[in-house]
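The next block holds one structure in the form of structure tokens; read it before the comments.
Every number here is computed from the coordinates shown, using simple stated rules; none is lab data. Note that the structure is a prediction, hence the values are computed from the model and not measured. As a convention, Cβ positions derive from the backbone with ideal geometry for all residues, glycine included, and neighbour counts pool all protein chains shown.
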């Protein structure tokens with residue numbers, strides 16, 4: 001039961017209370033009842049009115065009860081951070097399995113580098129990522145609803161992506177002049193020198209690269225998350241503990257919500273999904289807010305400053321909301 005349904009129940013109880021109260025006050029009706037029945041009716045209406053007041057109070061003042069969008073929304077505090085920014089000036093390149101046709105209006109460009117006949121997502125992974133980033137209708141709340149997205153499809157239906165396709169996608173991103181963040185919710189235990197060189201060139205250009213550490217529960221992070229200058233993201237569970245399958249949980253830059261995150265599926269169903277991919281896209285979205293805020297306030301936001309902020313959040317020294325204050329401090333130095 002979500003918050004809207006609880007509020008509706010409160011309204012219905014209040015209406016019923018008024019109906020019963022009007023009956024009690026009806027001079028023609030009350031004499032027809034015995035003293036005992038009249039007394040019982042009065043007790044019922046009093047209880048109903050107390051119940052409606054309690055429900056109204058609970059829905060207004062107990063915000064944590066509202067879980068309709070998922071625990072990650074409360075944990076990161078979307079409401080507060082989106083007062084600072086919604087990511088409007090930033091462009092994220094989503095290198096993944098593409099997007100669903102229903103999400104076409106949420107991207108500024110949709111590129112397919114695979115041999116799939118369809119330019120749209122046939123795997124489902126990219127669809128999930130975009131829904132977490134920008135939201136979906138009134139069912140999923142996005143962390144960066146106004147960020148611009150370029151989708152580059154490198155994964156086929158099976159979820160596999162060749163190093164050639166990934167390299168080509170990175171080259172496309174490098175050649176653009178308006179890119180601020182690249183999200184790589186993918187990885188491998190095998191390093192690729194050509195991809196490494198291209199990522200270094202991209203980061204030197206001032207673009208932030210975010211990658212998931214992996215979902216195998218080992219101490220070693222996947223490549224390219226394992227690169228020092230790439231922001232590596234592991235997953236956190238709702239109990240505030242590391243997600244069991246997170247790779248490199250002790251060495252990644254940040255553990256972010258990644259367990260049971262509301263996501264859009266290929267069949268248009270909304271499901272709870274888990275993984276470091278979910279964590280990575282959330283952090284990419286958060287970084288777009290930091291960069292947008294910096295741009296609006298003439299604060300230069302470097303990759304080093306972003307990593308410092310994420311490290312402090314990970315160490316519980318600051319909250320996601322406080323990250324914007326950290327940018328102000330760094331600008332004064």
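Some notes on this structure:
- Full-stretch length increase - residue 9, residue 322 - with 0.36 nm per residue and alpha-carbon distance subtracted: 109.0 nm
- Spin-label pair residue 104/residue 117, simplified geometry with 7 Å Cα→Cβ offset, distance in nm: 1.7
- Tensor-based shape of the range 235-305 (alpha-carbon gyration tensor, a/c under 1.5 rounded, otherwise prolate or oblate): oblate
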